[in-house]
Amino acid sequence: MALRGRVEIKSPDQLRVMRKAGLLTGQALEAVRAAVKPGVTTLELDAIAEDTIRSGGGIPSFKGYSHPPFPATICASVNDEIVHGIPNDRVLVEGDIVSIDCGAIVEGWHGDSAITVPVGGDAAIGDDVRELLRVTEESLWAGIAALRLGGRVTDVSAAVEAHIQGQAHPTGGTWGILQDFTGHGIGTELHMAPDVPNYGRPGRGPKVERGLALAIEPMVTFGSHRWKTYDDEWTIASQDGSWAAHFEHTVAMTAAGAWVLTAIDGGEAKLAELGVPFGGLA
Ligand code: MG
Ligand code: MG
């Protein structure tokens, strides 16, 4: 596990620029969320995200990334697809869930964030699926709330896992926490040291200090954590067909606390609710 390696520490001025990238990423996701409804295709959602990012002065982070080059602005992963789905002409139907992952670059700095959205609204999905979404999103915030100056990166990992395992599974089974995909450092590149696993013991990895920026991103299935890759070499889906959720934020540490760069309000409201110091800079 690559918990070692050089960690990029940002100055307050650099974090202010990174906030622009984070905010634009968050705005693109909100535009996509508003457009998710029965009858829309994931390719149409991709165009909305790209328009939002480019008209805001940013560049999509994912387009052309890695090998084979990722062809789109968003990853769109439907139902049993977990992450890295390639947008296509699939028409979303009421009761589907779609995970949208998006990244933007502004002045060389990256933002990275993801949401899982019910197609047709909360009432369109069953109680079990609603629980999957709630547990996954809450585990992201539990991980963010575990970030404390002087702590360690895997404090986040342990908090995410503890939150998920502490939530009753609707059918008495166990939640599947993906182990082979993790959160990550972020800044002048999309993926940097350190890895941020969604499970494991606290108190390990690099120190949580001012200027650290992490993308925290629990990926949870309703069943097994085992996954498979489609022939497109990108899309990751559950092996057992169980549905999956993915929530992600890019979070930076300042002298005051955590600043959720990809949340529209910087995370201020949610952190207050959780009793955690808000680290947003003016
Ligand atoms: Mg992402
Ligand atoms: Mg990420």
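Observations on the structure shown:
- Cα gyration tensor, region 83-236 - rounded (a/c under 1.5), prolate or oblate: oblate
- Distant-in-sequence amide H partners of S242 (H built 1.01 Å from N, under 5 Å): S224
- Helix-derived mean residue ellipticity, 222 nm - over the chain, DSSP H n ≥ 4, -39500 (n - 2.57), to 500: -9000 deg cm²/dmol
- Nonlocal amide H pairs with V40, under 5 Å, H built at 1.01 Å: L92
- Low-density loop cleavage sites - chymotrypsin sites (Phe, Trp or Tyr not before Pro) in region 212-260, where at most 14 other Cβ are within 10 Å (DSSP): Y230
- Accessible carbon and sulfur surface of the chain relative to its total accessible area, %, 1.4 Å: 51 percent
- All-pairs alpha carbon distance profile, the chain, 5 Å steps from 0, percent: 1, 6, 13, 18, 20, 18, 13, 7, 2, 0
- Within straight-line cross-link reach of K10, aspartates and glutamates at Cα separation under 17 Å, skipping those fewer than 8 residues along the same chain: E107, D112, E189, E209
- Built amide H within the under 5 Å cut-off of N198, gap 5+: G183
- Basic side chains Lys and Arg get +1 at the Cβ, acidic Asp and Glu get -1 at the Cβ, and with that the dipole of region 142-233 about its Cα centre reaches some 520 debye.
- Solvent-accessible area per residue for the chain (1.4 angstrom probe, square angstrom): 40 Å²
The values are calculated or read from the model by the stated rules, or taken from the named source; none is laboratory data. Keep in mind that what you see is a predicted model, and the values were worked out from it rather than measured. Using ideal geometry, Cβ is built from the backbone for each residue, glycine included, and neighbour counts are taken over all protein chains shown. The accessibility values were calculated without ligands, DNA or RNA, using every heavy atom of the protein model including side chains. Shrake-Rupley method; radii C 1.70, N 1.55, O 1.52, S 1.80 Å.
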